[in-house]
1. Between Glu225 and Glu128, with labels modelled 7 Å along Cα→Cβ, what's the label distance in nm to one decimal, could you check?
2. Using a cut-off of 24 Å between alpha-carbon atoms, which lysines can reach Lys156, once sequence neighbours fewer than 8 places away in the same chain are excluded?
3. If you average the sequence gap of Cα pairs under 8 Å that are 6 or more apart and divide by the length of the stretch 1-165, what percent do you get for the contact order?
4. From the square roots a ≥ b ≥ c of the eigenvalues of the alpha-carbon gyration tensor of the stretch 1-58, which class results: rounded (a/c under 1.5), prolate (a/b over b/c), or oblate?
5. For each of Ser71, Ser120, count neighbouring Cβ atoms within 10 Å of the residue's Cβ, then give the residues from fewest to most.
6. Neighbouring Cβ atoms within 10 Å as the yardstick, rank Thr8, Thr73 fewest first.
7. With a ≥ b ≥ c taken as the square roots of the eigenvalues of the C-alpha gyration tensor of the stretch 46-146, please select rounded if a/c is under 1.5 and otherwise prolate if a/b is larger than b/c or oblate if it is not?
Amino acid sequence: MSLLPASTIRALGQKEYEKRKQAALEVEAHVRELRDAQQYEKINAIVKHLALELANSAQAHVRKGALHALSGTAIGLRQHAGQMLPQLLPPVLSALSDPDPRVRYTACEALYNIAKVARSSCVAHINEIFDGLFKLSADTDVQVQNGMQLLDRLMKDVVTESEAFDLAAFMPLLGERIYVSNPFSRQFLVGWISTLGSVPDLDLVAHLPVFLDGLFHMLADANREIRTQTFDALNQLLREIGEAEEAASLLPPSPLPPPPSPSGVTRVAEVPSGASLLRCLSSHLRRRLAQGPLPRAARRQQAPRAPWGSAGSRPPPPPPPGSGGLRAALPRPRHALLLARQVHHPHLPLLAPPAHLARAGAADAAPPSPITPPITPPTTHPTRRPPHTPPSAAATPAACVVRP
């Protein structure tokens, strides 16, 4: 048996919004009276009836009326609303996945009113609320998206103001959703990473392995706004790492290792490797981000070549003598001496070879013509020998002449 009047319960199921809203105000006034009388058992019974009976109704108007009544109950409880969150939140969070978009919007409105009253008490249920917000981030209804954004900003303010927020328990939930492909969900996740990174008391760098790879995947998104937002988040993390490096450099050298952080990760020991990685990637991504999205031809992956020895493959040609490993990095010339000339051309002015060797090398380096006339070997007489030259004349020969 419900403690609410029958007229109020009927009004909660009306089709008109104003009638349901008026019934919710009656529930708020009734709960306020019970709160002043400290009759919390009756308030618990009212919440139980709204959550089990009306919120699970087959009619969408009745479900919307139940959400309005739960919101009015939280407003009537005021500072005691945090104690009733385990009973108030489950039906509201379940309505965020309702098939009717008007019910989902009403659930956003009810959760906004509950969170605005409870404030810091909602931090204990942040994982469940974040999961519901993540589902709404991909909603196709415009009004639901607007309601989700208002609720999202409120929850970010609640988290940044609270000192009881457990980052170590929250980050695995974010890491499970970091590889989402929906652009609105990606903006939602990057917004939360930027918000958490702006809080001085939260050590977000210690949880980089949870979400860093997913952020780099978002940089390949076709939406320029998502790429810019992700790049700003990476720059924010890079600045935080640089500040940590600067603070670590000011510490006096100590033979003992630094004490571990409460999360079990020694942040000072991990800073150099993480900073060098992010600095290198950030400089590359800054140039890449200014170029816009990659062309379609550049995004195609090149088909892998058949391994040597398989069907349809040819063994690689042997490298020319003297080239070593540079043969694979340079363009393939038609002649081996051309390769040596390309490799050693910058160093040729440093050498001073003899003139006849330089002329011979230049003649050898010339590429062979495609059509070479046949060379007729000279006819010699094997029985005829050159005449004998005296020793005095052979001391200074002018030229070496081969007689036919």
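1. Distance between label points: 3.2 nm.
2. Candidates past the 8-residue exclusion: Lys116, Lys135.
3. Details: 203 pairs, mean separation 31.7, N = 165.
The value is 19 percent.
4. On the way: a/c = 2.53, a/b = 1.43, b/c = 1.77.
Oblate shape, in that a/c is at least 1.5 and b/c is the bigger or equal ratio.
5. Details: Ser71 25, Ser120 14.
The fewest-first ordering by Cβ neighbours comes to Ser120, Ser71.
6. On the way: Thr8 18, Thr73 29.
Ascending Cβ contact count within 10 Å gives the list Thr8, Thr73.
7. Values: a/c = 1.86, a/b = 1.18, b/c = 1.58.
The shape class here is oblate.
Laboratory data are not the source of any read-out in this text; all were calculated from the coordinates shown. All figures in this text were calculated on a predicted structure; none of them were measured in a lab. Cβ: placed from backbone, ideal geometry, glycine included. Neighbour counts: every protein chain shown.
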